[in-house]
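Encoded as structure tokens, the structure appears first; notes follow it.
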Amino acid sequence: MFSKILIANRGEIAVRVIRACRELGITSVAVYSELDRDALHVRLADEAYALGGETAAESYLNTEAILAAIKQSGAEAVHPGYGFYSENADFARSITELGIAFIGPPPEAIEVMGDKISARLAAEKVNVNGVPGTTTVIESVDEIHAFADEHGYPVAIKAAYGGGGRGMKVVRSADQVVSALESAQREAQSFFGRSECYMERYLTWPRHIEMQIIADQHGNTVWLGERDCSAQRRHQKLVEESPAPNFPEDVRQAMGAAAVAVAEGCNYTNAGTVEFLYQDGEFFYLEMNTRLQVEHPVSELVSGIDLVREQIRVAAGLPLSFSQADMAQNGHAIEVRINAEDPAGGKFLPSPGDITKLSIPQGFGVRWDGGYEEGDTVSQFYDNLVGKLIVWGTDRPTAIDRMLSALSELKVGGIATTAAAHQAILSAEDFRNGIHSTKWVEEVLDLTGISGKSSEFSDTSDNEAKVRKDVLMEVNGKRFQVAAWVPESAGTLSAGPSKQRRASSAGSASAPGSGRVAAPMQGTIIKIHVEVGQEIIEGESVVVLEAMKMENNINADKTGKITELKVDVGDTVGAGDVIVVIE
Ligand code: MV4
């Protein structure tokens with residue numbers, strides 16, 4: 001077994017791995033950017049090495065700095081978490097060549113699955129059905145017409161080196177073929193640096209169901225059960241659960257066997273997830289994620305298996321501590337991602353900033369995997385996951401009720417979070433009935449009335465001295481003398497609604513439609529679409545603002561001429577800062 005592991009990541013997943021190390025008696029080594037020098041993962045690790053830099057590229061993706069930290073620390077293994085280096089075959093290979101273990105799959109397996117065409121071939125080879133589609137690069141529009149003649153529309157055009165839903169174009173009729181192929185190739189080139197595309201029949205109302213597997217280096221590959229991740233918005237998962245609702249046992253068994261076959265077919269070791277689309281009782285292989293996933297805790301709670309512990313064991317050459325026959329699914333688990341994002345009006349705007357208050361839910365069956373504590377800052381430079389709230393219950397209705405109860409206890413101050421969106425999702429009849437698909441949050445759920453701010457703790461009077469006042473009250477014609485404790489500053493009980501503090505940004509705010517277009521959140525300007533003197537139409541994009549790894553188009557709020565441009569590419573702006581003026 002290893003005696004020291006370096007965690008090449010930050011936030012909740014670094015914390016998760018540090019805890020597993022501590023339990024196993026392994027020394028944990030954190031790495032950190034300039035901004036994270038006092039972050040939770042640094043506070044919890046046994047040792048910590050500075051990488052320098054602020055952005056991910058300058059710090060957590062700085063190969064030289066990470067390799068230096070590995071050498072200096074004397075770590076024998078690296079856990080990459082998710083994101084960053086987790087699916088980087090070159091990184092896995094380069095540390096393996098130094099005699100350091102990569103706590104993840106072999107680089108060859110990462111490569112097979114990184115190319116989506118070879119990933120489809122890998123499934124074909126072991127007779128696992130993918131979505132009907134092609135396994136060659138599209139060379140001409142004729143191929144698309146021919147495919148549609150055989151399978152019908154819609155057809156999905158996907159980037160061969162893509163992922164995460166970017167670069168996928170849906171073709172609904174023959175007249176869209178030319179433009180869809182062009183734009184899919186253009187997007188693939190700009191996002192992934194390679195323009196190659198392939199196609200599949202497009203499923204219109206699928207559920208996203210993925211199967212957790214883990215394999216050791218002794219030929220044992222086990223499936224641990226599925227997760228339903230259908231509640232998502234713009235390819236960002238919001239709620240994940242296990243087992244999948246309304247999912248027949250024979251389909252589960254077949255999907256588990258298919259996932260194991262795909263993993264074995266590419267000599268996979270360590271933890272991985274095989275993704276499927278499920279529609280009309282049939283499942284289709286989509287791709288394989290060659291990393292530990294954000295939503296792994298729901299599988300842990302129903303299987304009883306500590307996935308990170310097993311990852312470390314199998315990377316050290318130990319056999320899995322259980323077999324397929326030991327596996328059973330017990331009860332039901334649900335996870336919600338508490339992101340620093342404001343879901344108000346269904347917009348999900350990034351909301352970095354200081355966490356001034358953090359009250360974590362507690363109780364039987366409640367788990368919090370957090371990356372921050374009260375007083376910490378959520379930076380605009382990293383992803384927006386503050387923590388994951390995971391509950392377990394004996395069955396799905398119990399788990400839903402427990403999650404709603406836990407969410408009612410969660411209080412976050414200073415930043416907006418997705419908590420209220422989760423309350424809306426879990427309270428919805430469609431979700432309770434388990435009939436939601438990947439389209440449901442975007443197309444059916446109404447999020448117009450919700451707010452990203454925890455409302456229950458008003459900052460008016462909690463710390464203010466209170467005085468007792470005896471008041472005479474009349475209820476249904478009967479009079480009662482009651483005691484009330486009211487803030488000293490409040491003259492009488494009927495002082496009216498409590499004072500509301502408005503979080504308005506000082507001075508720089510601009511009214512919508514005024515032509516003073518302001519940044520809705522803190523972030524970095526990564527693209528400017530306009531120049532001074534140019535005419536612009538309301539709704540057109542003026543700049544692209546990147547915040548928390550999301551690109552946000554900032555649009556003109558009226559039609560007119562650009563008279564001032566106050567930013568350059570690379571500038572950091574705060575919420576409320578004016579970007580352009582239109583007259
Ligand atoms: C699809 C699909 C329907 N039909 N492929 C999006 C992300 C990428 N991993 C695959 N994706 C999809 N591929 C075919 N042939 C629908 C999606 C899809 C989706 C998949 C999983 C989870 C959420 C999704 C949201 C929209 C579209």
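The values are calculated or read from the model by the stated rules, or taken from the named source; none is laboratory data. Bear in mind the structure is a predicted one, so any value in this text is a computation, not a measurement. Here the Cβ positions follow ideal geometry from the backbone for every residue, glycine too, while neighbour counts run over all protein chains shown.
Taken over region 95-117, the residue count meeting the criterion of being in a helix (DSSP H, G or I) and buried (at least 16 other Cβ atoms within 10 Å of the Cβ) is 10.
Remark: TYR85 matches the filter, which requires a residue to be outside the structural domain of THR524 (by TED's automatic domain parsing), buried (at least 18 other Cβ atoms within 10 Å of the Cβ) and in a loop (DSSP other than H, G, I, E, B). All of (1) buried (at least 21 other Cβ atoms within 10 Å of the Cβ); (2) in contact with a Gly (Cβ under 8 Å, 6 or more places away or on another chain); (3) part of a helix (DSSP H, G or I) hold for GLU124 with one exception: (1).
Selection of first residues in region 143-164 that are among the small types (Gly, Ala, Ser) and of second residues that are within 12 Å of the ligand (Cβ to nearest atom) and assigned to a helix (DSSP H, G or I), restricted to Cβ pairs under 6 Å at least 6 apart or on distinct chains, gives the following pairs, ordered by first then second residue: ALA160/LYS116.
Listed here are the strands (runs of 3 or more DSSP E) enclosed by region 317-423 that have at least 1 residues being under 19 Å from LEU238 (Cα atoms) and in contact with a strand residue (DSSP E or B) (Cβ under 9 Å, 6 or more places away or on another chain): 332-339, 366-370, 385-393, 411-413. Of all residues in region 259-298, those that are charged (D, E, K, R), within 12 Å of the ligand (Cβ to nearest atom) and more than 30 Å from GLY387 (Cβ to Cβ) total 0.
Apart from one condition, ALA258 fits all of (1) in contact with a helix residue (DSSP H, G or I) (Cβ under 9 Å, 6 or more places away or on another chain); (2) outside any helix (DSSP H, G or I); the exception is (2).
For region 526-572, which fully contained strands (runs of 3 or more DSSP E) count at least 1 residues that are more than 25 Å from the chain's Cα centre (by Cα) and of a type in the set (Gly, Ala, Ser)?
On the way: elements: 541-547, 550-555, 560-565.
So the answer is 541-547, 560-565.
Confirm whether ALA263 is in contact with a Ser or Thr (Cβ under 8 Å, 6 or more places away or on another chain) and not assigned by TED's automatic domain parsing to the domain that holds GLY11. Reasoning before the result, please.
Working: in contact with a Ser or Thr (Cβ under 8 Å, 6 or more places away or on another chain): yes; not assigned by TED's automatic domain parsing to the domain that holds GLY11: yes.
Answer is yes for this residue.
Considering only region 51-81, state which residues are more than 22 Å from THR524 (Cβ to Cβ) and surrounded by 16 or more Cβ atoms within 10 Å (Cβ to Cβ). If you could, list the steps in order and put the result at the bottom.
Let us first name the residues in region 51-81 that are more than 22 Å from THR524 (Cβ to Cβ), namely 63-64, 66-81.
Those that are more than 22 Å from THR524 (Cβ to Cβ) and surrounded by 16 or more Cβ atoms within 10 Å (Cβ to Cβ): ILE66, LEU67, ALA69, ILE70, SER73, ALA75, GLU76, ALA77, VAL78, HIS79, PRO80, GLY81.
In the condition set (1) in contact with a strand residue (DSSP E or B) (Cβ under 8 Å, 6 or more places away or on another chain); (2) among the hydroxyl-bearing types (Ser, Thr, Tyr); (3) farther than 23 Å from ASN289 by Cβ, SER179 is compliant with all but (1).
Being more than 16 Å from the ligand (Cβ to nearest atom), modelled with pLDDT of 95 or more, closer than 30 Å to VAL298 by Cβ and part of a strand (DSSP E or B) is the requirement here; does ILE214 meet it? Show your work before the answer.
On the way: more than 16 Å from the ligand (Cβ to nearest atom): yes; modelled with pLDDT of 95 or more: yes; closer than 30 Å to VAL298 by Cβ: yes; part of a strand (DSSP E or B): yes.
Judged against the criteria, ILE214 is a match.
Among residues of region 219-244 that are assigned to a loop (DSSP other than H, G, I, E, B), those with a beta-carbon under 8 Å from a residue that is polar (S, T, N, Q) at least six positions away or on a different chain give the pairs ASN220/SER323; PRO243/GLN329.
All conditions in (1) within 21 Å of the chain's Cα centre (by Cα); (2) buried (at least 17 other Cβ atoms within 10 Å of the Cβ); (3) touching a residue at least 40 places away in the same chain (Cβ under 8 Å) hold for GLY393, with the sole exception of (1). Six or more apart or on different chains, Cβ atoms under 9 Å: show the pairs whose first residue is in region 563-581 and closer than 20 Å to SER379 by Cβ and whose second is at pLDDT 95 or above and of a type in the set (Ser, Thr, Tyr). From region 563-581, the pairs are ALA575/SER351. I'm trying to understand the selection: among the residues of region 412-429, which are surrounded by 14 or more Cβ atoms within 10 Å (Cβ to Cβ) and either of a type in the set (A, V, I, L, M, F, W, C) or more than 27 Å from GLN522 (Cβ to Cβ) (or both)? Selection gives VAL412, ILE415, ALA416, ALA419, ALA420, ALA421, ALA424, ILE425, LEU426, ALA428. Checked against (1) in a helix (DSSP H, G or I); (2) buried (at least 18 other Cβ atoms within 10 Å of the Cβ); (3) more than 16 Å from the ligand (Cβ to nearest atom), ASP250 meets all criteria but (2). For region 192-211, the set of residues classified as surrounded by 17 or more Cβ atoms within 10 Å (Cβ to Cβ), assigned to a loop (DSSP other than H, G, I, E, B) and near the ligand (Cβ under 9 Å from one of its atoms) consists of TYR202, LEU203, PRO206, listed by residue number. Screening the candidates LEU307, LEU238, LEU320 for the property of being more than 16 Å from the ligand (Cβ to nearest atom) and either under 21 Å from the mean Cα position of the chain (by Cα) or in the same structural domain as GLU76 (by TED's automatic domain parsing) (or both) yields one hit, LEU307.
Against the test of being more than 16 Å from the ligand (Cβ to nearest atom), surrounded by 18 or more Cβ atoms within 10 Å (Cβ to Cβ), outside the structural domain of ASN289 (by TED's automatic domain parsing) and closer than 25 Å to VAL112 by Cα, the options GLN185, GLN189 yield a single qualifying residue, GLN185.
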